[in-house]
Structures are given as C-alpha cells and as structure tokens.
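Shown next, in structure tokens, is the structure this report addresses.
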Amino acid sequence: MNDAHLSQIINFPTRFRQGQIPSLLDLVLLHDELLVNSLDSLPGLGKSDHLIISITLQISTELKSNSTAKYDFSKADFVLINSIIDSIKWNDEFNNLTCDEAVEVLQCFLLTICENFVLKKKPPKSTPFHSPWMTRSIKTLINKKKAHVGQIQGPSFGC
C-alpha cells in the first residue's frame, strides 16, 4: 500500500459474527481520499455477516470531441506520390542545411503531399468506445497496478 501510495478509507468494522468480536475485513483502497463524496454502510445481503459498503466517488470525465479529420492512406495514390518524391533532387534540397532545417523541410514537404494527394476521413459521430471516466491518468494507474502485480506473482508457465 505504501509503495503504491494507497490509503485505506474504511474505519469501521465490516464483519459481524455472533460470538466474535466485530472486525474490519473489507477494504477500500484509494490513491486520493478527496475523491470520496460519501461512504456508508448498509446491512448485509441475506445471511451474510459482512456489511454492504456504499461509496460515491467524485470522478471528473473528459468527453473529447474528435472533430479533426484524419488522413485516409488506404485510398491514397501512392504511384503518383512516389513519382513526385522520385522527381525531387534531395541533395539540392538539403544542401547547406542543418539537420533541424532539413527535418523541417522534409516535414513541410510530407505535409504538403498529404494535404494535396491523400483524402481525409471525417471523424465518426458515434459515442466513444471507452467509458467517460476512463481518463489517461486512471489508465496509467491501472497499468502500474497490473505491472506491480505481475512482479509479485512472477512469470506463469501454463501447461
């Protein structure tokens, strides 16, 4: 928990069994306690001796509108593009240029080729494929957790 900078936010017993001392067995671990809007306990389901933990988190969502058209290289005329590239005397173009200047010339040339000879796709109007709460920072934390768990368990050799 310390290595992952996690805090345990449950501070009350969550298991009650007749004849035993109530104990705190169910945990909620968070990297930021300020995300918690409310934390409540409810009676257990059926004959369970564990409480139900109800937690409401404040998580910001980022809905990104993908309004930028992208190049559709699958429909590009590469024969024409290759003939244009072959017709240029690159030694003359890059003569007396620094490396950075040459890269800038090449980038400008490639962008011009794309703008003139590659069609653009309009972005899809459908909803995103991921949940709105799955931000880049949350995905990074999930990946760190998976990597850490993999280190603890070590390699698995299936038979």
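Readers should treat all values here as calculations from the given coordinates under stated rules, not as data from a laboratory. Note that the structure is a prediction, hence the values are computed from the model and not measured. Backbone-built Cβ (ideal geometry, glycine too); neighbour counts: all protein chains shown.
Here are the numbers for the structure shown:
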{"quantity": "For Asp26, distant residues with modelled amide H under 5 Å away", "calculated": "Thr14"}
{"quantity": "FRET efficiency, Asn91 to Asn143 (Cβ-Cβ, R0 35 Å, nearest 0.05)", "calculated": "0.15"}
{"quantity": "Under the Karplus curve 6.51 cos²θ - 1.76 cosθ + 1.60, θ = phi - 60°, whole-Hz ³J(HN,Hα) for the range 107-121, x wherever Gly or Pro sits", "calculated": "4, 4, 4, 5, 5, 5, 4, 4, 4, 9, 10, 10, 5, 10, 8"}
{"quantity": "Chain lengthening between Gln107 and Thr135 when straightened (0.36 nm per residue, less Cα-Cα)", "calculated": "7.0 nm"}
{"quantity": "Phi-based couplings in Hz for the range 78-83 (Karplus 6.51, -1.76, 1.60; Gly and Pro marked x)", "calculated": "6, 5, 5, 4, 5, 5"}
{"quantity": "In order through the range 92-104: 3J(HN,Hα) via Karplus (6.51 cos²θ - 1.76 cosθ + 1.60), integer Hz, x for Gly, Pro", "calculated": "5, 5, 9, 4, 6, 9, 6, 4, 4, 5, 5, 4, 5"}
